[in-house]
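**Q** Dropping the structure in here first, questions after.
Bear in mind that the values in this text are calculations on the coordinates, not laboratory data. Please read these numbers as outputs of a predicted model, since none were measured by experiment. As a convention, Cβ positions derive from the backbone with ideal geometry for all residues, glycine included, and neighbour counts pool all protein chains shown.
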Amino acid sequence: MYHNFQAIERVVAETKGEISMNQMDLEALRSRVDEVNVEILRLINERAGVVQEIGRVKEKQGVNRYDPLRERHMLDHLKEHNDGPLPQSTVEHIFKEIFKTALELQVDDQKKALLVSRKKKSEDTIVTINGEQIGTGAPSFVFGPCAVESYTQVAEVAAAIQSKGLKLIRGGAYKPRTSPYDFQGLGLEGLKILKQISEEFGLAVVSEIVTPSHLDEALDYVDVVQVGARNMQNFELLKAVGQINKPILLKRGIAATLDEFIHAAEYIMSQGNDQIILCERGIRTYERATRNTLDISAVPILKQETHLPVFVDVTHSTGRRDILLPAAKAAIAIGADGVMAEVHPDPAVALSDAAQQMNLKQFDEFYDSIQKFMKNHEIHA
């Protein structure tokens, strides 16, 4: 009996010893794993730094950051050196995530480098036009006819705008149209009419310029140069307006991504002009109920990504008088710095965009409703 008890004690002691040894082995292995983790982290960060340098070189060379052939080559190279125990599919999954993260780092670096980027300049850009500050958080308004047709036509609209205490008027002297047979605008004569209206009614003029050759003659007549949707990627025009000392209202292209829109603004700012207002005016989608599709989410995204003020053109985005008001309310509610809309004394006889322009009575009702909406929601213009 006594010998059995001693045997049991011996077994228990040996077991405890084995457990203690196993515990020490486990701790040692865990410690080694921790060391390897730190080493992997160091190497991943080192790799990320090298990749960022590659991204800067590619940017200078104008080379696309993503190179699928290079990625395939790296995966094949890893396959040649994979001695296990990880299967190749697992290795590829891990490294594809590393590749993806590295590419995102390059994109972030580029965004930080953009002059229009919020990462480059944290405070909002304020554009001052005719004493009105745009970009302070209080909505501004730009109204006027689609096209300048006559002095009398523009003067009627200007009087209605002035009566509301507003300071800006829009009007097209040069009209890029889908059909070459549609009214193309009065050109220089239209600009002269706008200048006369500006002086008589105390309104700053916003008007589109379509080619660099028209820019010099237009500068004496306009206060804000508009770059229209069709010219958002007219890079020579963008560079030309970037060299003038007047604010630019840049409209988003008909099918442009926000990244393309932001880079169009960068073209302007890279030339020295930082007085830029971005304008969401709807994009082309499969939907036919409206002229374009108002991308209302573009407003907060653009304000997060850039430091520039953002307008919404409710006329061109909808193409419908009956929904201008809710579209404008949505724009203001989501944080737009301003709203643009078209007004004509008699839209039925307008030479362009007759179906979407408000007459003077509709304009009064529209503006009154907007003011009530802003008052009810404590939004101060």
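**Q** If I build a Gaussian network model for the chain, linking alpha-carbon pairs within less than 10 angstrom, which residue out of 242, 144, 187 has the largest mean-square fluctuation?
**A** Largest GNM mean-square fluctuation: 187.
**Q** Grab the DSSP H runs of the chain that are 4 residues or longer, score each as -39,500 (n - 2.57), total them, divide by all residues and round the 222 nm result to the nearest 500 deg cm²/dmol. Mind dumping the intermediate values first?
**A** Numbers: 12 runs with 192 residues, N = 381.
Result for the chain: -16500 deg cm²/dmol, rounded to the nearest 500.
**Q** Report the antiparallel proportion of the DSSP beta bridges in the range 195-332 as a percent, rounded to a multiple of 5.
**A** Restricted to the range 195-332, the bridges split so that about 5 percent are antiparallel.
**Q** Based on the mean of other Cβ atoms within 10 Å per residue, sort peptides 211-224, 247-260 so the most packed one is first.
**A** Per-residue Cβ counts within 10 Å, averaged per peptide and sorted highest first, yield 247-260, 211-224.
**Q** Let me ask you something else. For the range 127-376, what is the relative contact order in percent, using Cα pairs closer than 8 Å and at least 6 residues apart in sequence?
**A** It rounds to 19 percent for the range 127-376.
**Q** Please label the shape of the range 118-223 as rounded, prolate or oblate, based on the square roots a ≥ b ≥ c of the eigenvalues of the alpha-carbon gyration tensor (a/c under 1.5 means rounded; beyond that, a/b larger than b/c means prolate, else oblate). Could you put the intermediate results ahead of the total?
**A** Numbers: a/c = 2.03, a/b = 1.33, b/c = 1.53.
Here the range 118-223 falls in the oblate category.
**Q** Related question: Compute the Cα gyration tensor for the range 127-376, then decide on rounded, prolate or oblate, letting a ≥ b ≥ c be the square roots of its eigenvalues: rounded whenever a/c is under 1.5, prolate when a/b is larger than b/c in the other cases, and oblate in all that remain. It would help to have the intermediate numbers written out before the result.
**A** Values: a/c = 1.24, a/b = 1.05, b/c = 1.18.
Rounded.
**Q** Something else now. Mean-square fluctuation check for the chain, GNM, Cα pairs under 10 Å: which of 266, 199, 35 is largest?
**A** 35
**Q** To continue, here is another question. How far, in degrees from 0 to 90, does helix 188-201 lean away from the longest principal axis of the Cα atoms of the chain, to the nearest 10?
**A** 80
**Q** Where both residues lie in the chain, what percent of DSSP beta bridges are antiparallel, nearest 5?
**A** Working: 5 of 32 bridges.
Among the beta bridges of the chain, antiparallel pairing accounts for roughly 15 percent.
**Q** Mind checking which of 23, 184, 243 has the largest fluctuation in a GNM of the chain, springs on alpha carbons under 10 Å?
**A** 23
**Q** For the range 227-323, what is the relative contact order in percent, using Cα pairs closer than 8 Å and at least 6 residues apart in sequence?
**A** 25
**Q** Projecting each Cα onto the charge dipole of the chain (Lys/Arg +1, Asp/Glu -1 at the beta carbon, about the Cα centre), which of 338, 180, 324 comes out farthest on the positive side?
**A** Of the candidates, 180 comes out farthest on the positive side.
**Q** A further question on this structure: If I fit a long axis through the Cα atoms of helix 88-113 and take the longest principal axis of the Cα atoms of the chain, what angle between them do I get, 0 to 90°, rounded to 10?
**A** 40
**Q** Same structure again: Kindly put 175, 195 in sequence by how many other C-beta atoms sit within 10 Å of each C-beta, fewest to most.
**A** Ascending number of Cβ neighbours within 10 Å: 195, 175.
**Q** For the range 137-178, what class follows from the C-alpha gyration tensor (a ≥ b ≥ c being the square roots of its eigenvalues): rounded when a/c is under 1.5, otherwise prolate if a/b is larger than b/c, else oblate?
**A** Numbers: a/c = 3.89, a/b = 1.38, b/c = 2.81.
It is oblate, given that a/c is not under 1.5 and a/b is not larger than b/c.
**Q** Still on this structure, please answer the following. May I ask for the angle, rounded to the nearest 10°, between helix 68-80 and the longest principal axis of the chain, with both axes built from Cα atoms and the value confined to 0 to 90°?
**A** Long axis of 68-80 versus the principal axis of the chain: about 0 degrees.
**Q** Report the charge-dipole magnitude of the chain in Debye, nearest 20, computed about the Cα centre from +1 at each Lys and Arg Cβ and -1 at each Asp and Glu Cβ.
**A** Roughly 420 debye for the chain.
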